[in-house]
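**Student:** Here it is, the structure, as structure tokens.
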Amino acid sequence: MTLSDTDLAHLRRCVELAREGLADGDEPFGSVLVDAAGVVRFEDRNRVKDGDETRHPEFEIAKWSASHLSAEERAAATVYTSGEHCPMCSAAHGWMGLGRIVYAVSTAQLGEWLAEWGVPPGPVRPLSVREIAPGVPVDGPAPELAEEMRALHLELQRRRGRVA
Ligand SMILES: [Zn+2]
């Protein structure tokens, strides 16, 4: 499935949340859960700055969905996210039986940027959603948002002193 205008609007909100996270000292990742009726039910952004490195928005969405949505509602929901789910979040999404994922930037894209900037790889292998949760429909990336997301990630690396 290609990205619709509605998809792009939700992804733009994810980018806003990512920007908000970065501005608050966290990492630039934001995500939104939209139900089958097109209603935004939950949104969050990265909150790792206080030391809990598992506080990814996609993980929070999976946990939120356990107590707020039925299995049918979860399967019919779409999770939009500024950056493709990491393996932890892909697994949580898959275990909860959530539906389609739409991302602005793929894990492969982010990996290319980090390699280009000379940033060392992180502690978790950068596997795609498809490798972790093969039954989940996945769409993305959104080239319209790549430049903006690249700038946010570059700013994060500058703040960490990894990029001049
Ligand atoms: Zn994650």
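All of the numbers you see were taken from the coordinates with simple rules; none came from a lab. Because the structure is predicted, anything quoted here is derived from the model rather than measured. A quick note on method: Cβ atoms are made from the backbone with ideal geometry, for glycine too, and the neighbour counts reach across all protein chains shown.
**Student:** Find the residue count for the stretch 30-51, including only residues that are in contact with a strand residue (DSSP E or B) (Cβ under 7 Å, 6 or more places away or on another chain) and touching a residue at least 40 places away in the same chain (Cβ under 8 Å).
**Tutor:** So the count comes out to 6.
**Student:** Among the residues of the stretch 88-143, write down those that are among the hydrophobic types (A, V, I, L, M, F, W, C), under 11 Å from the mean Cα position of the chain (by Cα) and within 15 Å of the ligand (Cβ to nearest atom).
**Tutor:** Answer for the stretch 88-143, where residues must be among the hydrophobic types (A, V, I, L, M, F, W, C), under 11 Å from the mean Cα position of the chain (by Cα) and within 15 Å of the ligand (Cβ to nearest atom): Cys89, Ile101, Ala104, Val105, Val129.
**Student:** Can you tell me how many residues in the stretch 49-87 are over 18 Å from the mean Cα position of the chain (by Cα), in a helix (DSSP H, G or I) and either within 10 Å of the ligand (Cβ to nearest atom) or not aliphatic (A, V, I, L, M) (or both)?
**Tutor:** Of the residues in the stretch 49-87, 4 are over 18 Å from the mean Cα position of the chain (by Cα), in a helix (DSSP H, G or I) and either within 10 Å of the ligand (Cβ to nearest atom) or not aliphatic (A, V, I, L, M) (or both).
**Student:** Taking the stretch 27-42 only, how many residues are touching a Leu at 6+ places or on another chain (Cβ under 9 Å) and of a type outside the set (Phe, Trp, Tyr)?
**Tutor:** Of the residues in that region, 9 qualify.
**Student:** Something else now. Do any residues in the stretch 1-29 that are crowded, with 16+ Cβ neighbours inside 10 Å have Cβ atoms under 9 Å from those of residues that are part of a helix (DSSP H, G or I) and of a type in the set (Lys, Arg), where the two are at least six apart or on different chains, and which pairs are they?
**Tutor:** From residues that are crowded, with 16+ Cβ neighbours inside 10 Å, the pairs are Leu22/Arg159; Pro28/Arg19.
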